[in-house]
Structures are given as C-alpha cells and as structure tokens.
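The values are calculated or read from the model by the stated rules, or taken from the named source; none is laboratory data. Remember, predicted model here, so these are calculated numbers, not experimental data. Glycine also receives a Cβ, built like all others from the backbone with ideal geometry; neighbour counts cover every protein chain displayed.
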Number of protein chains: 2
Amino acid sequence: MRADAKKNYELLLGIAREVVAEHGADASLRDIARRAEVGLGTLYRHFPTRDALFEALLRGGFDALGKEAVALATAESAADALVAWLRQIVAMAHAWRGVIAVMVAAIDAPDSALHASCVAMKAAGTRLLVRAQAEGTARSDIDGADLFALVGAMAWLGDQPALAPRADHLFSVIAGALLTSTSAT
Amino acid sequence: MRADAKKNYELLLGIAREVVAEHGADASLRDIARRAEVGLGTLYRHFPTRDALFEALLRGGFDALGKEAVALATAESAADALVAWLRQIVAMAHAWRGVIAVMVAAIDAPDSALHASCVAMKAAGTRLLVRAQAEGTARSDIDGADLFALVGAMAWLGDQPALAPRADHLFSVIAGALLTSTSAT
DNA sequence: ACCTGAACACCGTTCAAGT
DNA sequence: ACCTGAACACCGTTCAAGT
C-alpha cells in the first residue's frame, strides 16, 4: 500500500471509530468521508462495503475474544468460563451499537467481510459450551447456534435505550438458564 | 372525516399492510403512497409519523392481546397463562418484522402514537407475571420491565433470518427461565 | 495507484398551490 | 377539508476524470 493510501486508511478508520461511536452501526458513510476530509470514493476504495469497514474496526476485538476463548478453555470451571466469555462478547457488541445485527446477518452471508470473524466467534463459543456440557454444568439441549443467537439477543437488549438498564440483570437470567441448576451463578 | 378522506385512509392502510409485510418496519413511506396512487402529503396527513401508521396497523392486534390477557388472568395455571400470552405477543411482533424495535423505542417516548399501546402491553404482561409470582410459579427477581425487554429480545430473534430457526426453541429456554423449576414447561 | 466529486437513484419531511 | 407534488436536505453507490 502506498504511503498516502495507508495514511488515508488509518485516518478513515479513526474517524469511523468516532462516528460509529456517536451514531451506531448505521452511521452515514458520507459523513465519515466528510469528517475525514477525504473523497467519498476513497472511503469506498478502502472499504468497499459497510461490513468491510466494521471488520476493520472490530478486528482487534475479535482477536482478543478469540485468544480469551483459548485461555478460558482450560479454566477450572467450564461453566464460569463460558459465562465470562459470553459477558465479554456481549460487552464488545454493546460497545458498537447496532453492530450485532450486522454480525448476525453476516453469519449467513459467506461473502461478507465479517463472515469469517463471526463464524470464528460462534465456533469459540461452541467450544466453551461443549466443554461445559461435558462437565455437566451446561444444559444439553442447546448448541452453538442457539448460543450465538442468545448473544445476539442479549447484545440487542443493551442497544435499546429503553431496555439497556435491564440488560445486565437479564444477562444473568439468560446465562443462568444455560447452566444446569447444580451450578447456577 | 370526509368520504374521500376516509377512502384514502383505508386504502393507505391496506397498501401499508402489504408493503410492511414485504419490507418490514422500515418500508419506504414514499413507496406506500406511490402504490396507493396517492400524493405523499396525503399519507402524511393521515399518518403524521411512522409510529402513527404502525399504531393503526397494529391496533387490532393490541386489542386482541389485551382481551386475551384479561381472559388468561383467570386461567387455572398462572404460569401457563403467562407463557401462552408471551407466545402470542412474540408472534404478533414477528408478524410485523422490525416493529419490535419501534415498540421498544415508543415505551420511552410519551409522544409516540404507539406509546399508550406499548404501555398497555407491558402492563398486561406485568399482571400475568405478578399473578404467577403470587402463585409461586414464576421467579420473583423479575418485573414487568424485564418481561417486556425479554419479549423484545425474543421477537428480535425471530426477525433475524439467520436466527429465526432457533427462535421457537429459545422461546422455551427463556420462558422456562422465568418459571420456577417446580413448574418447568 | 490512488484520489476526487459529480451523477444517479433513492429516502423522509414540509408546504405552497390547487380543488 | 382535503389532496398534490415540487422542494429541500439528506442517503448509498458508481465511475469518469484527474494526479
């Protein structure tokens, strides 16, 4: 990548971070280009699609969550590990208002720039779930797809201003429902 | 209301029903007016806001759910009544893709045309919940606001094509989490 | 190689002008 | 009273023209 291109790329990413923090996942791409004082075509050249932009914005978070899942895979309590990881992925989605809907759509769209990351997150969650199930502390009538869907639902709750105050409490309720009663958290 | 106005009102409502069924809650109002072969201003005259249009579209459903809640208030099992009603309100939201987010926003917006109906739905759910709690079959650390939020989350799940196949199963999981273990459904 | 911004096809919302 | 549609201020996306 040419030096000036690289500069624009980084600049756009920084401004996008700000604008998305302000306006959520459906922020205006035009606005981002405008604030970055860059042609609209430049934004499209670097991020040909909205998903591509989010992939770049979230890459760091995805990496961290992936590593965290690996670390938690050997934790003493598989149930606690699962819940701790769920809490983190919900928090990340919550940090990017509205992005959860984009992620959920991407999991069914192989061509989305977010597809691989979302599949990886789903797989990581599945591994933690399966381990807790093997341990006997997570209910067995749930699979990775269910878990991914519940993460979506919990993140969505946090995205709605009217519901956000309940999000933490409802996280406990839902997380509790995933665990078998002997190890309720 | 003048006869021609009334005709336009009904016409718009019918077309809106179709268009919203096709495109969900963020359907184009312009498109509705166009398909109804009516000036865009006419649509705005009858439905000054998107919420006003949805209020008109959903009024029948809200009425039915309200009556159903009254009927269920004397059902033998308060727990079953609660779950049955939850299933119905989630189904109604599901029938109008995307409308749940509008409803959730309206509950915090006293000026929304949907506000009263949403408050009524929340209150109806709360009554069924309280009765089940009194009966000892619903957990006591949940209130009406939590219930409304969970309805939102469950309806949202059904709205996402990638998650919809899991919506029924997850409804059971979440509904089960609301009940005390002695009466798991 | 990369950047720019006009062009196109859409929105939601308002409001002067018509009947 | 009611209807119409142009006008305005926005979008996302593409692409010819520039450097």
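Scanning segment B:147-156 for residues that are facing chain A (nearest Cβ under 9 Å) and either surrounded by fewer than 22 Cβ atoms within 10 Å (Cβ to Cβ) or among the small types (Gly, Ala, Ser) (or both) gives B:149, B:152, B:153.
Is it fair to say residue A:87 is among the charged types (D, E, K, R) and free of Cβ contacts under 8 Å to residues at least 60 places away in the same chain?
No, not satisfied.
Candidates B:81, B:56: the one that is crowded, with 16+ Cβ neighbours inside 10 Å, among the small types (Gly, Ala, Ser) and either in contact with a strand residue (DSSP E or B) (Cβ under 9 Å, 6 or more places away or on another chain) or under 18 Å from residue B:97 (Cα atoms) (or both) is B:56. Checking each residue in segment B:1-19 for being within 9 Å of DNA strand D (Cβ to nearest atom) and not aliphatic (A, V, I, L, M) picks out B:2, B:4, B:6, B:7, B:8, B:9. Residue B:62 passes every criterion in (1) within 18 Å of residue B:17 (Cβ to Cβ); (2) near DNA strand C (Cβ under 10 Å from one of its atoms) apart from (2). Among the residues making up segment A:135-146, a single one is within 9 Å of another protein chain (Cβ to nearest Cβ), outside any loop (DSSP other than H, G, I, E, B) and touching a residue at least 12 places away in the same chain (Cβ under 8 Å): A:145. Confirm whether residue A:18 is in a helix (DSSP H, G or I), charged (D, E, K, R) and more than 16 Å from DNA strand C (Cβ to nearest atom). For residue A:18, the condition - in a helix (DSSP H, G or I), charged (D, E, K, R) and more than 16 Å from DNA strand C (Cβ to nearest atom) - is met.
Just one residue in the set B:69, B:3 is at pLDDT 95 or above and aliphatic (A, V, I, L, M); that residue is B:69. Here is the figure for segment B:24-46: residues that are within 9 Å of DNA strand C (Cβ to nearest atom) and away from chain A (no Cβ under 14 Å) total 15.
Residue-level check: of (1) within 12 Å of another protein chain (Cβ to nearest Cβ); (2) at negative phi; (3) not aliphatic (A, V, I, L, M), residue A:127 misses just (1). Of all residues in segment A:71-115, those satisfying the criterion of being over 9 Å from the mean Cα position of the chain (by Cα), closer than 22 Å to residue B:158 by Cα and of a type outside the set (Val, Ile, Thr) are A:86, A:97, A:98, A:101, A:105, A:106, A:108, A:109, A:110, A:112, A:114, A:115. Pairing residues of segment B:157-168 that are on the phi < 0 side of the Ramachandran plot and within 7 Å of chain A (Cβ to nearest Cβ) with residues that are modelled with pLDDT of 95 or more and outside any helix (DSSP H, G or I), at Cβ distances under 7 Å and at least 6 apart in sequence or on separate chains, gives B:157/B:163; B:161/A:108; B:162/A:107; B:162/A:108. Among the residues of segment A:112-120, are any out of contact with any helix residue (DSSP H, G or I) (no Cβ under 8 Å at 6 or more places or on another chain), β-branched (Val, Ile, Thr) and either under 30 Å from residue A:139 (Cβ atoms) or away from DNA strand C (no atom under 16 Å from the Cβ) (or both)? Yes. Could you check how many residues of segment A:14-52 are under 18 Å from residue A:92 (Cβ atoms), free of Cβ contacts under 8 Å to residues at least 60 places away in the same chain and surrounded by 19 or more Cβ atoms within 10 Å (Cβ to Cβ)? Residues flagged as under 18 Å from residue A:92 (Cβ atoms), free of Cβ contacts under 8 Å to residues at least 60 places away in the same chain and surrounded by 19 or more Cβ atoms within 10 Å (Cβ to Cβ) within segment A:14-52 amount to 2. Within segment A:93-111, the set of residues being away from chain B (no Cβ under 11 Å) and over 20 Å from residue A:161 (Cα atoms) comprises A:110, A:111.
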